[in-house]
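Peer 1: I'd like to ask some things about the structure below.
The values are calculated or read from the model by the stated rules, or taken from the named source; none is laboratory data. All figures in this text were calculated on a predicted structure; none of them were measured in a lab. Here the Cβ positions follow ideal geometry from the backbone for every residue, glycine too, while neighbour counts run over all protein chains shown. When the accessible area is computed, the model is the full protein with side chains, heavy atoms only, and any ligands, DNA or RNA have been set aside. Shrake-Rupley method; radii C 1.70, N 1.55, O 1.52, S 1.80 Å.
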Amino acid sequence: MAATRDGYGQALLDLADNEKVVVLEADLGKSTKSLHFRKQYPERTISCGIGEQNMLLTAAGLASSGFIPFASTFAIFTERAFEQMRNGVARPNLAVHLCGSHGGTHTGTDGSSAQSIEDLAIFRTLPNVVVLHPCDDVSTRLLTMQLADLSQPSYTRTARNKTPVMYDGRESEIEIGKGVIIKQGTDVAIIACGVMVSESIKAAEQLISEGISATVIDMHTIKPLDEELIETMAKSCGAIVTAEDHNIIGGLGGAVAEYLSSNIPTPLERVGVKDRFGESGQADEMLDLMEISSPHIASAAIRAINRKK
Amino acid sequence: MSMSSTELQELARKCRVEIVKMVYRAQAGHPGGSLSEIDLIAALYANYLRVKPDSPDWEDRDRFILSKGHASPGMYAILAEMGFISKQDLESYRVLGGVCQGHVDMKWCPGVDFSAGSLGMGLSFGMGCAISGRLKNSERQIFVMLGDGEIQEGSIWEAAMAAKHHELGNLKVILDRNRIQNDDFCETQMRMFDIPAKWQAFGWSVKEINGHDMEEVVEGLDFLKNTNDNPAILIAHTVKGKGVSYMEDNPSFHGAAPNDEQFAIAMAELGEVVN
């Protein structure tokens, strides 16, 4: 078990040999894990205080001058700087890499004010912006390192709490824009992101006793969406479930629904937060309360299969 | 070769003519704040900015960030005078596909360092440019022009605090204090109280000038150029719509174009013969 935010912190250290890499913080470096970079490279770390709007545009100015800025805060507070991201970063297509940690209701006992359930949706609407939500620390580290070579901006959501490590020994499968088949099945494809990937694996195991064989996909890149893989799954399984710790509106489920409905209509069940706010609770309690934990994914899979003609 | 005050005045006059022409042709745009800022911008480009019109992306150039990006006609006029764009390009103002977008945009126009249009953003962007210059041991200086209404945006004060925290002596602000914003006089929208004292309280070096007296403008820009141990702000007291009688001090011409009759009056007042 490890937290994706630790993968982010490690990636910054691994990128440090590139002197163009600079790190920006808004008083949450201890939480987002940029603090390790700050301790070793204070001259390339810019403290912006508790001021996210200024942080985003300072990063934009650095990017316009040839640097590769990585800025982080809580996912929820990136939203305060949404318009800066829109007008100051995405519009001029400056390669600023924004990371929002503590995404989703899985964040837990801090309560609803800290549980961003809309970040993936809002950043996905911005032209030029790549949106990532990795499921483990290994893939977070590798995806973050790949961002340094990207010529466009990005938003990456990481999570506060530990989740199972999925990619030990499978590092070569990680590439921005390419979903990964974690488990191969035939009856239904569960397309998940973030903490919901391991929940989906559990759901797939539960479905075996029902005689159902499920594929599980880690769709760590929400945008650009791996449409080719979705099409393949729609054809081979004929039923799709999406699973995300995010509002049911506009996130991974929304993106997959948009693609399927316009291209290859397929029974789809979306598992996600049902357009409501969270509350204080342990991470696992929150997934149950929000009805997005593995039993809910398994039920959705059965519903999707039953809708096959 | 630096221009004399008289030469700078003539340069600014020519820019004023182009500003009014651009807005008249487009029948849209922001003449008031372009006319208030132009003496400052003209002097800055002519005598201070280290830029190369034939190489607008030269990495070590000084930066000019027009944060009040609606006052784009003023910037386009001086960019044309300096040779970054052609006089003909000015006819593309607000026209589909034109380099002169409604608000200045670095993706569209050579010589533009920042895509503006949303107030309160340029100072933070300039901060990033200033830190970049420091990290690269460059002498480059970063000039940011703000509107007075614009400093009602909270993010300006995030940036003001951060620029002092990081001791960015290469960051310089020109504040176009024309006392009018979109809806009305600033005082009716949000009382400003003692603006110099506010910047001083944030740790900045402050100087006030009359932004239309070219000798004072030169003194003020000297102050910015030579204050390198502290972020500095030049508060330039200006008149919105300066140079066109019916636009002066008139909130209606923040964002409105002159009609045919008004255009003729403006050209006459600016000493321009129109056929």
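Peer 1: Of all residues in region B:184-209, which are over 24 Å from B:Ser252 (Cβ atoms), in contact with a helix residue (DSSP H, G or I) (Cβ under 8 Å, 6 or more places away or on another chain) and open to solvent by 50 Å² or more (accessible area, probe 1.4 Å)?
Peer 2: Result: B:Phe202, B:Lys207, B:Glu208.
One line per residue, one yes/no per condition, for (1) modelled with pLDDT of 95 or more; (2) within 16 Å of A:Gly254 (Cβ to Cβ); (3) over 22 Å from the mean Cα position of the chain (by Cα):
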{"site": "A:Val273", "(1), (2), (3)": "yes, yes, no"}
{"site": "A:Leu287", "(1), (2), (3)": "yes, no, no"}
{"site": "A:Met290", "(1), (2), (3)": "yes, no, no"}
{"site": "A:Ser294", "(1), (2), (3)": "yes, no, no"}
{"site": "A:Ala300", "(1), (2), (3)": "yes, yes, no"}
{"site": "A:Arg307", "(1), (2), (3)": "yes, no, yes"}
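Peer 1: Still on this structure, please answer the following. Is region B:157-169 home to any residue that is part of a loop (DSSP other than H, G, I, E, B) and within 16 Å of B:Gly33 (Cα to Cα)?
Peer 2: No; the residues of region B:157-169 include none that is part of a loop (DSSP other than H, G, I, E, B) and within 16 Å of B:Gly33 (Cα to Cα).
Peer 1: Run A:Phe37 past the list (1) more than 8 Å from chain B (Cβ to nearest Cβ); (2) open to solvent by less than 10 Å² (accessible area, probe 1.4 Å); (3) over 20 Å from A:Thr158 (Cα atoms) and report the number of the one that doesn't hold.
Peer 2: Every condition holds for A:Phe37 apart from (3).
Peer 1: Being in contact (Cβ under 8 Å) with a residue 40 or more places away in the chain, exposed (fewer than 15 other Cβ atoms within 10 Å of the Cβ) and of a type in the set (Val, Ile, Thr) is the requirement here; does A:Thr186 meet it?
Peer 2: Answer is yes for this residue.
Peer 1: Out of all the residues in region B:1-45, which are surrounded by 22 or more Cβ atoms within 10 Å (Cβ to Cβ) and β-branched (Val, Ile, Thr)?
Peer 2: Passing the criteria: B:Ile19, B:Val20, B:Val23, B:Ile38, B:Ile41.
Peer 1: Return the total of residues in region A:67-102 being under 20 Å from A:Met145 (Cβ atoms) and either out of contact with any strand residue (DSSP E or B) (no Cβ under 6 Å at 6 or more places or on another chain) or not aliphatic (A, V, I, L, M) (or both).
Peer 2: Of the residues in that region, 10 qualify.
Peer 1: Tell me which strands (runs of 3 or more DSSP E) are completely within region A:67-152 and hold 2 or more residues being touching a residue at least 12 places away in the same chain (Cβ under 8 Å) and over 25 Å from A:Ser293 (Cβ atoms), or say none if there are none.
Peer 2: Here the list reads A:68-74, A:97-101.
Peer 1: Would you confirm whether any residue within region B:146-159 is of a type in the set (Phe, Trp, Tyr), closer than 21 Å to B:Ala201 by Cα and over 17 Å from the mean Cα position of the chain (by Cα)?
Peer 2: The answer is yes, given that some residue of region B:146-159 is of a type in the set (Phe, Trp, Tyr), closer than 21 Å to B:Ala201 by Cα and over 17 Å from the mean Cα position of the chain (by Cα).
Peer 1: Could you give every pair whose Cβ atoms fall below 8 Å, whose first residue belongs to region A:244-265 and is within 10 Å of A:Glu227 (Cβ to Cβ), and whose second residue is polar (S, T, N, Q), counting only separations of at least 6 or pairs across chains?
Peer 2: A:Val256/A:Thr242; A:Leu260/A:Thr266
Peer 1: Looking at (1) away from chain B (no Cβ under 11 Å); (2) surrounded by 23 or more Cβ atoms within 10 Å (Cβ to Cβ), which one does A:Ile76 not meet, given that it meets all the others?
Peer 2: All conditions are met except number (2).
Peer 1: Select from region A:1-60 the residues that are among the polar types (S, T, N, Q) and in contact with a Pro (Cβ under 9 Å, 6 or more places away or on another chain) and list them in ascending order.
Peer 2: Across region A:1-60, the qualifying residues are A:Thr4, A:Thr58.
Residues checked against (1) buried (at least 24 other Cβ atoms within 10 Å of the Cβ); (2) of a type in the set (S, T, N, Q); (3) at pLDDT 95 or above:
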residue	(1), (2), (3)
A:Leu24	yes, no, yes
A:Ala60	yes, no, yes
A:Ala71	yes, no, yes
A:Gln84	yes, yes, yes
A:Asn87	no, yes, yes
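Peer 1: Please pick out the residue among A:Thr144, A:Thr163 that is among the β-branched types (Val, Ile, Thr) and surrounded by fewer than 23 Cβ atoms within 10 Å (Cβ to Cβ).
Peer 2: Just a single option satisfies the conditions, and that option is A:Thr163.
Peer 1: Now, a different point. Looking at A:Ser65, A:Ser47, which one is within 30 Å of B:Asp62 (Cα to Cα), open to solvent by 30 Å² or more (accessible area, probe 1.4 Å), within 11 Å of chain B (Cβ to nearest Cβ) and modelled with pLDDT of 95 or more?
Peer 2: Being within 30 Å of B:Asp62 (Cα to Cα), open to solvent by 30 Å² or more (accessible area, probe 1.4 Å), within 11 Å of chain B (Cβ to nearest Cβ) and modelled with pLDDT of 95 or more holds for just one of A:Ser65, A:Ser47, which is A:Ser47.
Peer 1: Take region A:206-239 and flag every residue that is farther than 22 Å from A:Leu120 by Cβ and without any contact (Cβ under 8 Å) to a residue 24 or more places away in the chain.
Peer 2: Within region A:206-239, A:Ile208, A:Ser209, A:Gly211, A:Thr232 meet the criteria.
Peer 1: While we're here: In region A:162-188, which residue that is outside any loop (DSSP other than H, G, I, E, B) and not charged (D, E, K, R) is farthest from A:His106 (Cα to Cα)?
Peer 2: Ranking the qualifying residues of region A:162-188, first place goes to A:Ser172.
Peer 1: Another question, if that's okay. Select from region A:1-27 the residues that are acidic (Asp, Glu) and part of a helix (DSSP H, G or I) and list them in ascending order.
Peer 2: A:Asp6, A:Asp14
Peer 1: Let me ask another. Only one of these conditions is not met by A:Pro127: (1) open to solvent by 10 Å² or more (accessible area, probe 1.4 Å); (2) under 16 Å from A:Gln282 (Cα atoms); (3) modelled with pLDDT of 95 or more. Which number is it?
Peer 2: That leaves (2) as the condition not met.
So that you can scan it fast, the table gives a plain yes or no per residue for (1) more than 14 Å from every other protein chain (Cβ to nearest Cβ); (2) aromatic (Phe, Trp, Tyr); (3) in a helix (DSSP H, G or I); (4) in contact with a Leu (Cβ under 8 Å, 6 or more places away or on another chain):
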{"residue": "B:Leu96", "(1), (2), (3), (4)": "yes, no, no, no"}
{"residue": "B:Cys100", "(1), (2), (3), (4)": "yes, no, no, yes"}
{"residue": "B:Val104", "(1), (2), (3), (4)": "no, no, no, yes"}
{"residue": "B:Lys107", "(1), (2), (3), (4)": "no, no, no, no"}
{"residue": "B:Phe114", "(1), (2), (3), (4)": "no, yes, no, yes"}
{"residue": "B:Gly117", "(1), (2), (3), (4)": "no, no, no, no"}
{"residue": "B:Gly120", "(1), (2), (3), (4)": "no, no, no, no"}
{"residue": "B:Phe125", "(1), (2), (3), (4)": "no, yes, yes, yes"}
{"residue": "B:Ile131", "(1), (2), (3), (4)": "no, no, yes, yes"}
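Peer 1: On to the next question. Output the residues belonging to region B:95-142 that are of a type in the set (Phe, Trp, Tyr) and open to solvent by less than 20 Å² (accessible area, probe 1.4 Å).
Peer 2: Those that are of a type in the set (Phe, Trp, Tyr) and open to solvent by less than 20 Å² (accessible area, probe 1.4 Å): B:Phe114, B:Phe125.
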